[in-house]
Each structure stands twice: as structure tokens, then as C-alpha cells.
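The block underneath contains the structure these notes are about, expressed in C-alpha cells.
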Amino acid sequence: MYTIVSKKQLNPSVVQMDIEAPFVARKAQAGQFIILRVDEEGERIPLTVAGYDREAGTVRIIFQTVGATTDALARLHVGDAICDFAGPLGEPTKLDGLRRVLIVGGGVGCAIAHPIAKALHDMGASVTSVIGFRNKDLVILEDEFRSISDRLFVMTDDGTYGERGNVCLPIERLLSAGERFDEVITIGPLVMMKFVVASVRPYGIPCTVSMNPIMIDGTGMCGGCRLTLVRDGERIVKFACVDGPDFNGYEVDFDEALSRGAMYREFEMKAREASCCLFDKEVR
Amino acid sequence: MANMQPTKRPMPTQEPSARAHNFDEVALGYSEKDALDEALRCLNCKTMPCVGGCPVHVHIPAFIERIKACDFEGAYEIIAKSSSLPAVCGRVCPQETQCESKCVRGIKGEPVGIGRLERFVADYHNAHATSVPETLPKNGHKVAVIGSGPSGLTCAGDLARLGYTVTVFEALHKAGGVLVYGIPEFRLPKRIVEKEVNQLRAMGVEILTNMIIGKTLTIDELFEMGYEAVFIGSGAGLPRFMGIPGESLKGVYSANEFLTRSNLMKAYRADSTTPIMKGGRVAVVGGGNVAMDAARTAVRLGAEQVYIVYRRSMEELPARHEEVEHAMEEGVTFRLLTNPTEIVGYQNPDDKRDPKNGCVIGMVCEQMQLGEPDERGRRRPVAIPDSHFVLDVDTVIMSIGTSPNPLIRSTTEGLQTNRHGGFIVEEETGKTTRDGVYAGGDAVTGAATVISAMGAGKTAAAAIHKALSEKTK
């Protein structure tokens, strides 16, 4: 069992937890993920590592309540334990040699972008961060980003906080003004990453995206997390769990990934409704 | 007096019409009377050809003699000397190509039902015995076993019996490997695997789940932790796809994913939270045992039509005869000499947000005929020109094999692999190219059988024992 040692509600639907998992904490690096199960009957879900404390033996996860499993996890308290927590999985984000980097995070994706930005900052690189949210209530990790970024742009879709508009706005402004970066690293909803890639493409700057497809084992066995890269006109199948989760954004077939990501949407909605109903009953 | 009946005593099974709708075990097992009757068909040949056909050399005539004497526990003890997982092997071994293929009774009629007798003995033991197998006093040596599938469990069991302190590292949340995530409940009930795993625990084997060697810990770190030898039984790995258009559409699974969702993640149970495509029209591409498992699982999940699509003919189909027969009885349709060339997806021209967009609506196939034999002597299938047709399906399950998992090979220096990515080992010992590291099972051979993996686990355990005993001297 893996004990929850701290819990913090970052916004109405996003929760941060530190979980006691010494073996994972020893090895975790920015960009990697873990697989967890809440209880014996639960599904396996992948969550990207949002931080770690090697000495305390804890791993930080930040997740949005989007389905039955994340709902169940969010209901647990400090001192409770979950039954499985395995990792770290996937390849760490490659940061070697980067001096000037543009980090673009969207929504809960900022939780994954932050440790990467921090690692770059700690290496002495210049970090420009753009973080975007739907509205003011959903803004997370602003202070954390500010403390490690040379420049920070906070965007909201409806303009209730920071600047109004999506993350592409400041990106295009910076790039068209002649700013250059060694690399752009973007993490967030698929649609956002697709548009970030499109914004950066004309400038030929390397652009890394972090993919988060549906997974089961996460160890290179089931093949459910496959995605397609298009390289020199050739379609190459890759597995996000062992080949990723980071990929060259210019090569990813986003439309296919979007379609595959929605494979079980109806089922997930039903499962979530069922778990909500169950919760109501418990409360009554 | 020997029973000269030319055919095996039939295996009592659930009726096809009933079992197609449940996940209970298909074969029900021999009664004591059935077992006694079948045992009497064994001629107790002096040359014992059957033993040579068994990858772990179970002393077959000897255990059958004990059955004849109604000493079922005695029979179990004989099997247990060679096999760590008799209840599993009695169910999933391809006996018809191993021990039973060598049986003298098979010359005129059917061979002795060795597998059925093995299963009877193991089930009898599991129902009656409470004792834990004896282990030698601890010898102070520590061995790490990676993976808790058939090769890992066998290796761990053999070493524990010899007095070693054994730790098994399992990547998933449950021990058993392919026996748990791959082989369905109706062929191998999970309580049997659990029993075997608990037996190992009772023998003092430590089983750690959620430990992904190559990630959570490396092999080098295992040595640093004081393990003196490491056995890699990490299994087959990533599923292969055909490389035809449409393989990423919604509704296309690898057999590994489909079976893992159903078996390990319990999607077959009505109260499960694991999503899986149920019902509809399903094509399983491939002709091995895994393909049969996937097809029969789809039937039980409520599919209205299930096809096995295989590019050669029935004669070349690699699955066990019994599995093919069971699949047919349960209503699976075999489309032989048929090769998929494209999977077709739905696209609503007027609505880009239609949730049905990207779902499978059919699979284009071409008819094949058998041409010249290839290097392995199997006749190569050749496409018949202009023979394309569309198979009306909404789910496609690719069951065309796997390629080895990269996690250990990419994080361990000095471990050589062949061009398929399997570990290179010395066949007689399971020794890899790295000192103190042994390997066996699918991680070496690519997808093969439970019993050959067990054989490899046994071989490695003996080699590890020899190496570590010499070290002590």
C-alpha cells in the first residue's frame, strides 16, 4: 500500500497529492509517469510525475477529476493509502544542452510542465513560460512557475485572469518579434498541443509534445497507447509507454490521437455518473 | 488388466450453448472413475517415450501407476518433483505435440490422456492437501527472479526448494504473468494460479508487485542489493501489428490489450469499471492459441459474430486442436486463406464531431492460396488477384505475435539480444552474455508455450544452483 502524505486542492477540480513510494521517488525524473490503482477493483491509470522528494521517498501527482477513478482518488485523505503505485515509466524529457526554452502548459498539463521548467531553471537555462486555463478559477501553479521562469505569460480563455486568449497568442507574438528558442516543450490538451505545434512550425524550432493516451499496463505489453508518427511520408507506430511519452510534435498524427482518446468517452461518462450516484448514496 | 479402448475417456465439458455465455471453466475435469479408467490405458512402457516429449521430463508412467493404485497423492508427489505448476500444465499444455505425441497407444488410436490425468491429480491434491512442499534449510544465497509468469514461478519454486532466498519482481499489480493477464478464466481459472502463487509464498518466496525491472530498479542495482544471480522471465512484450491502413482506428485492439482488459482488469464481469467493446461483429486476425482465446472471449462478451481470419489453411493453423474445436463449437467462424489488407473506418462527411467517426466499419481482405513451401517447410500463402472483399465487422483484434519488451535490454549493459530482440542464452543453462544473469521463456524465444517457459525456468534454476554451489566451495 502507498500512503497519501499530503493533499492540496489546487482548484475546484484539480488535486495535488504526495504519495509515499520510495522506490519510485528514487528514480523519478521530469517527464516520466506512474501507473496507479486506487483499490483492488480499480482500473490502472497513468499520471505524469509532478515532482518528487528523494529523501522523503514521496512522489507528487497532480490530477483533474475527470472520471470514476480520479473521483475516487480525490475523495481520499491524508493517511489513506492506495493499493498500487508503479513506476517511474517512460523516458524522461531530454533537457541536455538546452539554454533557452519556451515551456507551454495548458490546464492540468501545467502540473507536468512545471517540473520540466524547474529542471531547466536549475540547470541554468533561460525559461520562458506560457500557461493557459479556461478561466480564473482553474489557474494553478502560478507562483511556482513565476519563481522559476525568466518570463511568465498567464492566459485565460475568457479573460477573467491574466491575458485573454489561448496560449498561441504570446507564442506567435514572441516568435514573430524575432525571439528564438533552442526548443519549445508543450504539455496540455491534445488540441492545444496541435495548435502550439502549428504556431511554432514556421520558425523551425524543435517542438516536443508530451502524449497521454489511454494505457493499461504502461510497461510495453498491451499496445493500447500506440500512436502514429509521420516521418518523411512514412507512418511509424510508436508506443507512448516505452517510446514516449515525449515525441517530436512535428511528427505526431494529432487527429488520430484525438480520435483514439475518445474511444471510451461514452463508457467513461456512464462510469462517472454511476460513481457519483454511489457517492450520493454514501453521503445520504 | 490394461484398458484397450482405442479412444481417450472423454473430458466432461460444459455444453457449448451454455458456456458461450459464461466465463466458467469449459473442461470440468475427470472424476476418480474417469481417471482410473484412463490410467488403465497406459501400458507402462519400459522405454517411456512420453517422458522424452515433456519439456520438464515429468515421470509420466510412474505417476500413472500411482493413479492405477488409487494413490492420487503419491501421483502428485511424482509430478511435483519435475513440475511446479501441474494444475496449470494439465490445462494449457499442448500435450498432443509433446508427451502424448510420443505415446505408443497413439499408433493405433488415441494416446493416453496424459494431460487430463495430470490435471486430475493436481486438482485432487489442491482439494485435499494442506501441506507446503518441503524446502531445504536456507543456504544464505539470494536470487532475484524478474517476472512471475510460468518461467519465473518455476525458477523461483525450484530454487526455494533448494534453500535459496528468492525474491520475485513483478511489474503488474498481480502475480502470475500471462497466466493472469493472458489466458482467460474459462481455460485457466485464476484461483488455480493464485493457489500456485500462494504455495510459493508459503515456501518463503517473496513476491514484490509494481516493480518494473529496467525502470524501478535495474539489474545492476539488484546485484548491488546482494542478489547473486538474476533470472529474467519478463515475457513476450509489445504486440505486433500488420502495418496495414486503419490499425489505429477505434475498435482495433491487440490481443494483449483485449485479453488484459478482460482477464487482468476483469472487464468480463458485469460490475467492472474497465471499458471494452462488447457485442457487435468481431474479427480476430491470427491462428494461434492467443487468437483462439481472444475469439472465445469475444463470444462470451456477447458478440453476435466472431471470425478467425487466418492467411493459411486449417492444416497450418498453429493453435491447439482442442482450442480450435472448442471455438468452433462455440460458434466462431473460421475464414481461412484470408488476409486483411485494410481496416475501414466511419467518417461522417457532414459532421466532423460525430463520435462514430474513426470507428471500424469493415475490414478489406483478400483470398489467398498456398504456394511453394518457405524455409520452415510451411507453404507460403499467395494472394489471389482481384479477390478482395469486405468483411462486415466493427471490432478487429490483432493476434499476430509480439516482439520483446525493450525495458531491460535498454537499461542493462552486456546483455546481448538477437535480431528479434530476444535475449541470447546458452541453451543448456539459460546463461545470458552477462555474468550471473540467466533468462528464459518468451523473453528469449518470443511467444511460445507455458511449458517451454517452465522448462527454461527449471534449466536456469539448476544452472544457478550449480554456479552458486561452486562459488561457495
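The values are calculated or read from the model by the stated rules, or taken from the named source; none is laboratory data. Quick caveat: nothing in here was measured; it's all calculated off a predicted structure. Heads up, the Cβs are rebuilt from the backbone with ideal geometry, glycines too, and the neighbour counts pull from every protein chain shown. The accessibility values were calculated without ligands, DNA or RNA, using every heavy atom of the protein model including side chains. Shrake-Rupley method; radii C 1.70, N 1.55, O 1.52, S 1.80 Å.
Let's see how each residue does on (1) surrounded by fewer than 17 Cβ atoms within 10 Å (Cβ to Cβ); (2) more than 17 Å from B:Tyr253 (Cα to Cα); (3) more than 14 Å from every other protein chain (Cβ to nearest Cβ):
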{"position": "A:Ser199", "(1), (2), (3)": "no, yes, yes"}
{"position": "A:Gly204", "(1), (2), (3)": "yes, yes, yes"}
{"position": "A:Gly218", "(1), (2), (3)": "no, no, no"}
{"position": "A:Arg226", "(1), (2), (3)": "no, no, no"}
{"position": "A:Asp232", "(1), (2), (3)": "yes, yes, yes"}
{"position": "A:Phe239", "(1), (2), (3)": "no, no, no"}
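More than 14 Å from every other protein chain (Cβ to nearest Cβ), assigned to a loop (DSSP other than H, G, I, E, B) and modelled with pLDDT of 95 or more: which single residue out of B:Val425, B:Val393 fits that description?
B:Val393
Just for strands (runs of 3 or more DSSP E) wholly inside region A:1-109: which have at least 2 residues that are farther than 28 Å from A:Glu142 by Cβ and of a type in the set (Lys, Arg)?
Qualifying strands (runs of 3 or more DSSP E): none found.
Take the residues of region B:174-198 that are more than 14 Å from chain A (Cβ to nearest Cβ) and surrounded by fewer than 19 Cβ atoms within 10 Å (Cβ to Cβ): which is nearest to A:Cys222 (Cα to Cα)?
B:Pro189
Test each condition in (1) crowded, with 24+ Cβ neighbours inside 10 Å; (2) under 25 Å from A:Thr228 (Cβ atoms); (3) touching a Lys or Arg at 6+ places or on another chain (Cβ under 8 Å) for B:Ala294 and report the one that comes out false.
(3)
Looking only at helices (runs of 4 or more DSSP H) that fall completely inside region B:219-337, which ones have 1 or more residues that are within 14 Å of chain A (Cβ to nearest Cβ) and touching a strand residue (DSSP E or B) at 6+ places or on another chain (Cβ under 7 Å)?
In region B:219-337, B:219-224, B:255-262, B:289-300 are the helices (runs of 4 or more DSSP H) which contain 1 or more residues that are within 14 Å of chain A (Cβ to nearest Cβ) and touching a strand residue (DSSP E or B) at 6+ places or on another chain (Cβ under 7 Å).
Which number in (1) out of contact with any Cys (no Cβ under 8 Å at 6 or more places or on another chain); (2) modelled with pLDDT under 90; (3) open to solvent by less than 10 Å² (accessible area, probe 1.4 Å) marks the one condition that B:Ser83 misses?
Condition not satisfied by B:Ser83: (1).
Filter region B:401-438 for residues that are within 30 Å of B:Val284 (Cβ to Cβ) and surrounded by fewer than 21 Cβ atoms within 10 Å (Cβ to Cβ) and give the result.
B:Gly401, B:Ser403, B:Pro406, B:Arg409, B:Thr417, B:Asn418, B:Arg419, B:His420, B:Gly421, B:Gly422
What do you reckon, is A:Met193 away from chain B (no Cβ under 12 Å) and within 30 Å of B:Val180 (Cα to Cα)?
Answer is no for this residue.
Which pairs turn up if I take residues in region A:61-75 that are within 14 Å of another protein chain (Cβ to nearest Cβ) and look for partners that are surrounded by fewer than 19 Cβ atoms within 10 Å (Cβ to Cβ) with beta carbon separation below 6 Å, at least 6 apart in sequence or on another chain?
Filtered contacts from region A:61-75: A:Gly67/A:Glu268; A:Gly67/A:Arg272; A:Ala68/A:Arg272; A:Ala68/A:Ser275; A:Asp71/A:Thr65; A:Asp71/A:Ser275.
So in region B:345-370, with the set limited to residues that are touching a residue at least 24 places away in the same chain (Cβ under 8 Å) and open to solvent by 50 Å² or more (accessible area, probe 1.4 Å), which one is farthest from B:Asn22 (Cα to Cα)?
Here the answer is B:Gln369.
Kindly indicate whether A:Met1 is touching a residue at least 24 places away in the same chain (Cβ under 8 Å), within 26 Å of A:Leu95 (Cα to Cα) and out of contact with any helix residue (DSSP H, G or I) (no Cβ under 7 Å at 6 or more places or on another chain).
Here the answer is no, as A:Met1 does not meet what is asked.
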